[in-house]
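Chemist: Provided herewith is a single structure, encoded as structure tokens, for subsequent inquiry.
The values are calculated or read from the model by the stated rules, or taken from the named source; none is laboratory data. It should be emphasised that the depicted structure is a prediction, and the values quoted were computed from it without experimental measurement. Because the Cβ atoms are built from the backbone with ideal geometry, glycine has one as well, and the counts that use them run over all protein chains shown. Accessible surface is based on the protein model in full, side chains and every heavy atom, while ligands, DNA and RNA are left aside. Shrake-Rupley method; radii C 1.70, N 1.55, O 1.52, S 1.80 Å.
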Amino acid sequence: MPAVKHEEFFRRHPVFTGEELAAHLSARGGTGPRAQEALLAYHMKADRLVRVRRGLYAVVPPGADAHSFPVDPFVIASRLTRDAVLSHHTALEFHGRAYSAWEHLTYLAARPSPPLTFRSHLFRGTRFPEALVRSRSEMHGVLTAERAGVAVRVTSLERTLVDMLDRLRQSGGWEEVWRSLESVEFFDIERVVEYALLLGNSTTAAKVGFFLERHRERLMVDSRHLETLRRQSPRQPHYVDGARKGSGRLLSRWNLVAPQEVVDRAWEEVA
């Protein structure tokens, strides 16, 4: 089973699923699980393939060390489910805008796979927000980009801004989110507000409004954008991530009680 027969497939699929391999073999007249198992066993023994998990494999270039060759973690995350979308902090890293580099990657999916550790990276999926599922808008604000020759779905900067503020703990907390988003020179504010409203979460709308208000001049945020978000803010004060009852500071315009260190940007004092 010489490698040259499958070199084009390997080149086009640096990370591939068992289903993709089965389709490749079928097109070449090889069918059935035995043909697939034989091919995988042959090339894994030859150190041309490494198993990422059951049903998912990465290609090792000729001459490279199969045990140390760096498999692109963004491509792996994008292949963990058919509908995987790189999101939250991982999306900002993909766009080159994250404040810190993480070895924990996050993706969105209808039914995420169980958490996976491959080499030094942890891959963890999270479900699409219920509001998007109900409106069949899971792919709202999702871009398709190329990575190592593979089409990868990733949330836009505008959607990523809202998603990170929506799930702060999952995105690294206030400081990481704040510092990361501040590295982005431009957002389409119309799209930011549109997506924030689509989620239908008053607390998230208020957090987005608070962030945009604090960066109003730099991001050229119009008062109508802030007013639209303010009308969607909670009717009663809501404690947000990191704030505890009896502590924190009330942001009356947004009906949010936020940690004092967030309001004061305390991390700048030790920078």
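Chemist: What distance in nm lies between label points placed 7 Å from Cα along the C-beta direction at residue 34 and residue 214?
Modeler: 6.4 nm
Chemist: If you don't mind, another one. Would you please name the chymotrypsin sites (Phe, Trp or Tyr not before Pro) within segment 89-189 that are DSSP coil residues with at most 12 other C-beta atoms within 10 Å of their C-beta?
Modeler: Those that pass, being in a loop and sparsely packed, are 186.
Chemist: How far is helix 202-214 tilted, in degrees, relative to the longest principal axis of the Cα atoms in the chain, given as a value from 0 to 90 rounded to the nearest 10?
Modeler: Its long axis makes an angle of about 80 degrees.
Chemist: Now, a different point. Would you calculate, for the chain, the mean residue ellipticity at 222 nm contributed by helices, counting each DSSP H stretch of 4 or more residues as -39,500 (n - 2.57) and dividing by all residues, to the nearest 500?
Modeler: The helix-only estimate for the chain comes to -10500 deg cm²/dmol at 222 nm.
Chemist: Helix 157-166 versus the longest principal axis of the chain: what is the Cα-based angle in degrees, 0 to 90, to the nearest 10?
Modeler: Around 70 degrees separate the two axes.
Chemist: With charges only on Cβ, +1 for K and R and -1 for D and E, what is the dipole size of segment 1-126 about its Cα centre, in debye, rounded to 20?
Modeler: Taking the Cα centre of segment 1-126 as origin, the dipole is about 260 debye.
Chemist: Still on this model: Gain in length, residue 122 to residue 104, computed as 0.36 nm per residue apart minus the alpha-carbon separation, to one decimal in nm?
Modeler: 6.0 nm
Chemist: If you don't mind, there's one more thing I want to ask. Could you calculate the contour length gain from residue 236 to residue 250, that is, 0.36 nm times the residue separation minus the distance between their Cα atoms, to one decimal place in nm?
Modeler: Full extension from residue 236 to residue 250 adds 3.9 nm.
Chemist: Could you pull the Cα extents of segment 123-185 along its three principal axes, largest to smallest, in whole Å?
Modeler: Each principal axis gives a Cα extent; for segment 123-185 these are 33, 30, 26 Å.
Chemist: Given a 1.4 angstrom probe, what's the average accessible area per residue across the chain, in square angstrom?
Modeler: About 52 Å² of surface per residue is accessible.
Chemist: According to the square roots a ≥ b ≥ c of the eigenvalues of the Cα gyration tensor, what is the shape class of segment 45-125, taking rounded for a/c under 1.5, prolate for a/b larger than b/c otherwise, and oblate for the remainder?
Modeler: oblate
Chemist: I've got another one for you. Tell me the carbon and sulfur percent of the accessible area for the chain, rounded to whole percent, probe radius 1.4 Å.
Modeler: Accessible surface attributable to carbon and sulfur in the chain totals 48 percent.
Chemist: Sticking with this structure for a sec: Could you sort the peptides 77-88, 60-71, 191-202 by per-residue average Cβ neighbour count (10 Å cutoff), highest mean leading?
Modeler: Highest-to-lowest ranking by the protection proxy: 77-88, 191-202, 60-71.
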